[in-house]
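The values are calculated or read from the model by the stated rules, or taken from the named source; none is laboratory data. All of these numbers come straight from a predicted model, not from anything done at the bench. When we count neighbours, we look across all protein chains shown, and the Cβ atoms used for this are built from the backbone with ideal geometry, even at glycine. These accessible areas exclude ligands, DNA and RNA; they are computed on the full protein's heavy atoms, side chains included. Shrake-Rupley method; radii C 1.70, N 1.55, O 1.52, S 1.80 Å.
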Amino acid sequence: MKKNVREKPMDSNVATREYFDEILVEMRHMDAVLPDTTLSLYGKTFRTPIMMAALSHLKGKNNDGDGMVQMARGAGLAGCVNWAGMGTTKQLADILSVGTPTIRIIKPYAEDSLVLERIELAEELGALAVGMDLDHGFEGSGNYDNILGFPMRPRSLTDIKNYCRRTKLPFIVKGVLSPAEAEKCLDAGVGGIVVSHHHSIMPSAVPPLMVLPEIARVINEQIPIFVDCGVSNGADAFKALALGATAVSVGRPVMAAILEDGSEGAAQVIHDITSELKGMMARTCSPDISSIDPSLLWHRSGRRLIE
């Protein structure tokens with residue numbers, strides 16, 4: 001008797017990687033100049049638009065020490081933006097004491113006082129910006145999520161507006177994967193968005209770069225657009241920047257590098273990807289990160305990605 005075989009939905013990470021690789025890039029050489037990868041963000045200048053990701057609970061080099069603090073030091077060495085996810089008050093203080101400009105992302109705790117406490121702490125400790133991981137409101141079976149014993153819940157547009165009003169820092173919404181949600185973020189007055197499916201938190205999620213051009217049209221350069229999920233090399237970063245990203249985050253490669261080489265390993269990943277990005281820019285007549293022409297991009301099928 002044959003078993004009833006049920007097909008699993010598409011893994012969003014696989015779809016994301018495949019979409020990166022479906023995008024090809026023209027070369028252009030005449031009138032090229034040495035490219036500038038400088039990023040200006042929230043009143044500060046960084047050497048690269050390649051950023052750390054909003055990671056949590058990282059082990060340090062050789063599984064010893066605090067990997068989150070080591071990542072912050074690595075970001076400082078690389079001259080890039082650092083991000084920090086879930087963690088204790090002491091850990092955030094240790095991260096920010098490194099001196100690297102850091103964006104703090106807060107989970108959507110069911111108890112709103114926990115959110116407000118963390119926003120206030122980020123302000124007190126000198127974070128560059130603060131924000132919320134909206135995609136953790138629910139878990140996979142459709143019930144409210146629970147992370148390390150903390151109940152979560154979704155947030156309304158009114159909630160986000162209130163957070164934006166309560167903080168003097170730019171408030172960032174992470175987990176935006178639709179133009180409609182991008183429109184709501186503008187309405188709320190957010191200071192930036194992260195286009196992300198949170199490493200396949202939902203199966204069959206649209207790849208960030210596939211929806212990015214529509215989101216960029218909605219945002220229309222009013223606030224920064226950050227992209228994460230699957231960025232592994234300079235070509236990936238180049239494609240994201242061409243499609244409207246302000247900067248991109250790198251997660252998995254940094255995690256592995258920290259375990260092996262600590263802060264220096266994290267910095268080397270950012271340096272290597274930035275060098276690859278610079279090479280792509282040099283061979284496409286892209287003088288700086290804001291001047292990467294989307295008409296450079298082609299779909300593997302033979303059509304321009306942006307008509």
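Odds and ends about this structure:
- Using a simple spin-label model with pseudo-atoms 7 Å out from Cα toward Cβ, L114 and I147 lie 1.0 nm apart.
- For the chain, share of DSSP beta bridges that run antiparallel, in % to the nearest 5: 30
- Once all protein chains are placed together, E264 keeps about 120 Å² accessible to a 1.4 angstrom probe.
- Mean shadow area of the chain over all directions, Cα convex hull, nm²: 18.3
- Segment R252-W298, length gained on full extension (0.36 nm per residue, minus Cα span): 13.9 nm
- Estimated FRET transfer efficiency when R0 is 35 angstrom, pair D272-S97 (beta carbons, to 0.05): 0.80
- Cα gyration tensor category, rounded, prolate or oblate, for region 1-77 with a/c compared to 1.5: oblate
- Whole-Å distance, taken between Cα centres, linking region 242-273 and region 149-178: 26
- Cα gyration tensor category, rounded, prolate or oblate, for region 198-248 with a/c compared to 1.5: oblate
- Where the alpha-carbon atoms of region 116-198 are placed on the principal axes, they occupy 36, 32, 21 Å, in descending order.
- For region 73-232, share of DSSP beta bridges that run antiparallel, in % to the nearest 5: 20
- Centre separation in Å (Cα based) which lies between region 111-143 and region 57-108: 16
- Cα-Cα separations in region 157-286 greater than 25 Å, expressed as whole percent: 32
- With all protein chains kept in place, the per residue accessible area of the chain amounts to 48 square angstrom at a probe of 1.4 angstrom.
- Dividing the summed -39500 (n - 2.57) terms of all DSSP H runs of n ≥ 4 by the residue count of the chain sets its mean residue ellipticity at 222 nm at -12000 deg cm²/dmol.
- Whichever aspartates and glutamates have a C-alpha closer than 12 Å to that of K184, once near sequence neighbours (fewer than 8 apart) are set aside: D159
- q = 0.15, 0.32 Å⁻¹: log10 I(q)/I(0) that the Debye formula gives for region 72-111, counting C-alpha atoms only: -0.36, -1.11
- Applying the criteria of a DSSP loop state and at most 14 other Cβ atoms within 10 Å to the trypsin sites (Lys or Arg not before Pro) of region 1-79 yields K2, K3, R6.
- Tensor-based shape of region 21-135 (alpha-carbon gyration tensor, a/c under 1.5 rounded, otherwise prolate or oblate): prolate
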